[in-house]
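> My questions all concern the structure below.
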Amino acid sequence: MVSEGRMGRITGNRSGRLSLGFWIAFGLAGTVPLAGQTTQPATLRQAAALWGIPIGAAASDGEYGPGLDWLLNPTYASTLSTQYDMLEPGNAMKWDVTQPSLTTYNFVPGDTLVQFAQQNNMIVRGHNLCWHSQLPTWLQSYAGTATPAQMYTLLQNHIAAVAGHFKGKVFAWDVVNEAFSDSNPTTMGDSIWYNQPGIGLGSGNGSATDTAYIEQAFRWARQADPNALLFYNDYNIEGNYNGQSSNPKFNAVLAMVTDFVNRGVPIDGVGFQMHISPQWLPSMPSMAANMKALATLGLEVHITEMDVAVPVNSSGLASDSDLATQAQIYQNVLEVCLEQPNCTAFQVWGVSYNDSWLKGRTSAAGLPFDFNYQPTPAFTSLMNAWENAAHVMHQNYLVNSAAANPAGIHAAAVTPGELVTIYAAPVGPASPATGQVGANGQFPTSLGNVQVQFDSTPAPLLYAGPGQVNAIVPFEVAGQQQTTMQYTYSVPMTALMFQNSLTLPVASAAPAIFSQDQSGGGPGAILNQNYSLNSSTNPAAAGDEIQIFGTGGGAVTGGATDGGLWPAVLGSLVDQPVTATIGGVAATVDYAGPAPYLVNGALQVNVTVPAGLASGAQPVVITIGTAQTQPGITVAVK
Ligand code: XIL
């Protein structure tokens, strides 16, 4: 949690006990500030952190039996944790590991990898929930005689169990993997989920638009883990290969996700696997174009499984010239990703040549670390890419202050008046500056040489420091579909200016409750009736009126001023109907609107705790219009 002092202390809310800084500190929980870095990065992880983009590797740990426990190899483990800040289980979350029989699950290998990640401050991508490959043997025979209705239930239960088990630990899931065929024209690939026998949705006739089972898998995944980003992941879709002018497989995926977005099917992004080689290479402009096409839909792209296979000798080693060619390909791909605002993660498929799935093939040696865990030329070229690429604002540089997912990565819609965190590393002030309310009663719109505009309106700034700026979205964006946020940093002395922009969707209300926890979930920023902080040791009783604090309530009626403090006198209400539930039971809303002495846009909702709830932590949800606060926030009840 960001310390209170850092955000400035403005005392004097109704109770006199809690400050604006206090609540903003809650608001920033879950958004981990990037460390100010003055020395040259030495590892991929350090370089990626300067950009605010996670870099990952596929990882394994004995999921296929003893002897393959890679984490026990200290060099493997230290390479993984020092070079990468994200990992993805290469196999441990697939069906053949997680569901060894119809009625049993095995999460041990996945848990081991998650634990390693947590111990090393890494985030985890989940892979995968629905695929035609690496199925347990029992399932192949089961599918031979099962009805589609049985397959439907089976997949539903599996997704609920697996995504449910890893809920809050996995920041993004590959929900469906490799569903399209490589044939031209592209069709849906045969699988037990699609047509053999399939889960009973869609015709199973092989048309590329028959994506009903995929849609259902995404809906189940969102139910099981509402905070995880949901991806469709595939290979040979990255761009136009080998000089071709289009890529039918990408077009089929694009058609599917366009349809999903248009109909509100929950999907956040597309994974480009990136298993490529000098002989099988997408053009870089076409890759950028594909990312742009997905950006138009508001979707992110993760490079999920990159390796660049080159011819190897009997020892598995490649020639210097092939390694140089490979290195250039790595650099080009990473630069394309860094220059597209919606490319928000970069991952390679394995830690070293030893554990690469390419090992033993005639083309292999595809990774930035060799058999001795020594960096290859690809490592150096990746380091160069961070230096070379034009700096752009990335979609995951903007985080809703109260609703960050565990990774601190959340490309959310912005709401008038809400507090947001912008990661703009590496271009920003070297020392922290805290906004103070000026004579005009408002927060400044220029701080530490940083300015942020939403369209033409300057945003009030609460904090500007190394790699992190906290701003308030101006009320002027209300009623718009989208807004262009422009970030400007005037580099002191050198008369240099860094300026970049990001187009974001605008929601009329995207409320989120400030949390007391790093995860952005757990105990809410809630005061009991006597103004003391609600907690497990200080619960509220039935009939008490509690105060819940948050952000993103949408425009309030009555002339709210950007970045001003709301006066002690309560006047205006949120401009949409507000309801609340505690423990699933309707709770009377006594007040919803601006919070006295807190910055405009911060939201206060007073709610009466209903009778009859079990004692302990109860989920609390506030609904404004149709928008709900994030799941996982609790209030302690007596
Ligand atoms: C590979 C694993 O790395 C191997 O260990 C396993 O034997 C086969 O699968 N696309 C994917 C990954 O989505 O899950 C695959 O992983 C590689 C291709």
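> Please give me the summed charge of the neighbours of Gly554: other residues whose Cβ is under 12 Å from its Cβ, Lys and Arg +1, Asp and Glu -1.
Working: positive: none; negative: Glu418, Asp575.
Net local charge, Gly554 excluded: -2.
> Something else now. Rounded to the nearest 5, what % of DSSP beta bridges with both residues in the chain are antiparallel?
Percentage antiparallel, nearest 5: 65.
> If you average the C-alpha positions of region 484-502 and of region 306-381 separately, how far apart do those two centres end up, in angstrom?
What the calculation gives is 34 Å, centre to centre.
> Same structure, new question: Bins of 10 Å, beginning at zero and ending with the bin holding the largest distance: percent of Cα pairs per bin for region 214-297, please.
Reading upward from the zero bin: 17, 47, 26, 9, 0.
> Hey, could you grab the Kirkwood Rh for region 290-363? Inverse mean 1/r over distinct alpha carbon pairs, Å, one decimal.
13.8 Å
> Oh, and also: Using a 1.4 angstrom probe with every protein chain in place, what is the largest-first accessible-area order of Arg219, Arg361?
Ranked from most to least accessible, the order is Arg361, Arg219.
> Mind checking which lysines have their C-alpha under 23 Å from Lys292, skipping anything on the same chain fewer than 8 residues away?
Lys249
> Now a separate question. Suppose the Debye formula is applied to equal point scatterers at every Cα of region 52-105; what is log10 I(q)/I(0) at q = 0.17 Å⁻¹?
Results for region 52-105 at q = 0.17 Å⁻¹ read -0.61.
> Taking amide H positions as placed in the peptide plane 1.01 Å from N, state which residues far from Gln99 in sequence (5 or more) or on other chains have amide H under 5 Å from it.
Correct list: Asn106.
> Any chance you could look up the accessible area of Ser501 with a 1.4 Å probe, heavy atoms only, rounded to 10 Å²?
So the heavy atoms of Ser501 present about 50 Å² to solvent.
> Please give the contour-minus-distance gain from Trp138 to Phe498: 0.36 nm per residue of separation, less the Cα-Cα distance, rounded to one decimal in nm.
Extra length available between Trp138 and Phe498 comes to 123.8 nm.
> Additional query: Under the Karplus relation 6.51 cos²θ - 1.76 cosθ + 1.60, θ = phi - 60°, what is the ordered set of whole-Hz ³J(HN,Hα) values for region 167-178, x standing for Gly and Pro?
3, x, 10, 10, 8, 8, 10, 7, 6, 10, 10, 6
> Local charge sum around Asp307 (other residues, Cβ-Cβ under 15 Å, Lys/Arg +1, Asp/Glu -1)?
That works out to -4.
> Taking the full set of protein chains and a 1.4 angstrom probe, give the accessible area of Thr258 in square angstrom, rounded to the nearest 10.
40 Å²
> A follow-up question, please. For the peptides 132-144, 189-201, what is the packing order when you average, over each peptide's residues, the other Cβ atoms within 10 Å and list the highest mean first?
Details: 132-144: 14.1, 189-201: 19.8.
Final packing ranking: 189-201, 132-144.
> Students sometimes get this wrong: rank Asp111, Asp182, Asp307, Asp562 by accessible area, probe 1.4 Å, all chains present, largest first.
Reading off the accessible areas and sorting them downward yields Asp182, Asp111, Asp562, Asp307.
> Continuing with the same structure: What are the residues whose amide H is under 5 Å from the amide H of Gly564, where those residues sit 5 or more places off or on another chain and H is modelled from the backbone?
Residues meeting the amide H criterion: Phe443, Asn600.
> Tell me, which cysteines of the chain are without a disulfide-compatible partner by the Cβ under 4.7 Å rule?
Cys130
> For the chain, what mean projected area does the convex hull of the alpha carbons give, in nm²?
29.2 nm²
> Next question, about the same structure. Only helical DSSP H runs with n ≥ 4 go in: add -39500 (n - 2.57) per run for the chain, normalise by residue count and round the 222 nm mean residue ellipticity to 500 deg cm²/dmol.
Taking each H run of at least 4 residues, the total per residue is -7000 deg cm²/dmol.
> Give me the net charge of Val162's neighbourhood, meaning all other residues with Cβ under 13 Å from the Cβ of Val162; Lys, Arg count +1, Asp, Glu -1.
With Lys, Arg at +1 and Asp, Glu at -1, the net is -1.
> Here's something else I'd like to know. Thr561 to Ser203: FRET efficiency via 1/(1 + (r/R0)^6), r the Cβ-Cβ distance, R0 51 Å, to the nearest 0.05?
0.35
> Using a cut-off of 16 Å between alpha-carbon atoms, which aspartates and glutamates can reach Lys169, once sequence neighbours fewer than 8 places away in the same chain are excluded?
Cross-link targets: Asp85, Glu88, Asp111, Asp225, Asp517.
> Another question about this same structure. What does the accessible area of Ile159 come to, in Å² to the nearest 10, when a probe of 1.4 Å is used?
Result for Ile159: roughly 0 Å² accessible.
> Oh, and also: Report in % the part of the accessible area of the chain that belongs to carbon and sulfur, leaving out ligands and nucleic acids; probe 1.4 Å.
Here carbon and sulfur together make up 52 percent of the probe-accessible area.
> Kindly sort Trp349, Trp173 by accessible area of their heavy atoms, largest first, with the probe set to 1.4 Å.
Sorted descending by solvent-accessible area, the residues read Trp349, Trp173.
The values are calculated or read from the model by the stated rules, or taken from the named source; none is laboratory data. Everything quoted here is computed from the prediction, not taken from an experiment. Cβ sites come from the backbone with ideal geometry, for glycine too, and all protein chains shown count toward neighbours. SASA here: full protein model, heavy atoms, side chains in, ligands and nucleic acids out. Shrake-Rupley method; radii C 1.70, N 1.55, O 1.52, S 1.80 Å.
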